[in-house]
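Structure record follows, encoded as structure tokens.
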Amino acid sequence: MYTLVIKEGVKNMIGLEEILKVYNMPVTELAEQLNVTRGYVYNWISGKRNIPQKTLIKLSVIFNNLPKEYFTKELTEIEKIEVRTSQIEGLVSNPATYYAELIESNKQQFEEDYEDRFVQLSKVKFIANIANRVKEILESAELEYVEEIFDSVLDIIDSKKFSQKVLNDILGSVIISYGGVENKKNNEFINKLVRIINENEEERQKKKKDVEQMLKSIDIEDLFN
């Protein structure tokens with residue numbers, strides 16, 4: 001059986017090549033499913049031929065409804081995560097096909113492997129969600145401001161000495177104070193933090209207003225006299 005050989009450092013992979021690698025699918029198998037020769041697939045990968053639109057539709061179906069444009073471009077890191085997610089989802093949603101021989105030979109191993117797939121899928125989805133959220137935030141906020149907050153949160157998590165409940169309550173109180181979210185837990189610790197934050201914010205806004213009024217009252221000409 002002929003398989004696709006990936007040579008690292010030679011060239012950037014286009015989407016089709018990356019997707020074949022993630023799905024562990026030989027070029028021969030893909031060519032058979034598309035009813036074309038291996039040469040066609042290799043030409044698509046090398047960029048010698050463009051992939052026809054009707055073939056892109058078939059590729060999307062074969063690879064768990066991935067977007068058609070993924071097969072013709074160099075994938076971003078986030079898109080690579082999405083490809084991996086689709087591959088895992090395909091295995092989990094079609095266990096009868098993927099695990100047919102495993103079920104016959106070792107039921108316990110099948111159950112452990114099946115459960116592990118769900119764990120993998122959860123982790124990949126979590127990473128993809130975080131990556132997308134970070135990308136959105138960086139596009140709309142000042143980098144230095146965002147970086148400082150992320151560093152602080154990551155340092156706390158990395159220390160492994162914090163109480164998850166306390167951290168969640170602290171972050172929750174900030175969200176309630178600035179996001180207008182209702183405190184559904186009716187947690188007294190959160191209530192106290194919300195009151196402190198609100199009092200601090202009122203004081204900050206008052207000082208800001210006083211400064212603005214003072215600046216308005218200053219005659220510009222007096223500054224040069």
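Prolate is the label for segment 23-84. Its Cα gyration tensor axes, ordered a ≥ b ≥ c, give a/c of at least 1.5 and a/b above b/c.
Cβ-Cβ distance of I196 and I78, R₀ of 41 Å, FRET efficiency by 1/(1 + (r/R0)^6): the value works out to about 0.60.
Over 21 Å between Cα atoms, which of K21/K68; K21/K58; K21/K73; K80/K135; K135/K161; K123/K160 qualify?
Cα-Cα > 21 Å for K135/K161; rest within.
Computed from phi, the 3J(HN,Hα) profile of segment 16-22 under the Karplus parametrisation 6.51, -1.76, 1.60 (θ = phi - 60°) reads 4, 5, 4, 5, 4, 5, 5 Hz, with x in place of Gly and Pro. Peptides 167-173, 15-21 ranked from most to least packed give 15-21, 167-173, packing being the mean of other C-beta atoms within 10 angstrom over each peptide's residues. You can think of it this way: the chain between K208 and E148 has 19.3 nm of extra reach, that is 0.36 nm per residue less the Cα-Cα gap. Each residue of segment 49-57 was assigned a 3J(HN,Hα) from its phi angle through the Karplus expression (A = 6.51, B = -1.76, C = 1.60, θ = phi - 60°), giving 10, 7, 7, x, 4, 5, 6, 4, 5 Hz with x at Gly and Pro.
Scalar couplings 3J(HN,Hα) for segment 28-36, obtained by applying the Karplus form with A = 6.51, B = -1.76, C = 1.60 to θ = phi - 60°, are 4, 5, 5, 4, 5, 5, 8, 6, 10 Hz; x denotes Gly and Pro.
Compute the FRET efficiency between S46 and E69 as 1/(1 + (r/R0)^6), taking r as their Cβ-Cβ distance and R0 = 22 Å, and round to the nearest 0.05. Display every interim value, and only then the final one.
On the way: r = 19 Å, r/R0 = 0.85.
FRET efficiency, S46 to E69: 0.75.
Here each label is just a point 7 Å from Cα along the line to Cβ, and for Y178 and K161 those points are 2.6 nm apart. Can you give me the P(r) profile for segment 163-217? Cα pairs, bins 5 angstrom wide beginning at 0, each as a whole percent. Histogram of Cα-Cα distances, whole percents per bin: 4, 20, 23, 17, 11, 9, 8, 5, 3, 1.
No value in this document is a laboratory result; all are computed from the given coordinates. Remember, predicted model here, so these are calculated numbers, not experimental data. Positions of Cβ are generated from backbone atoms using ideal geometry, with glycine treated the same way; all protein chains shown enter the neighbour counts.
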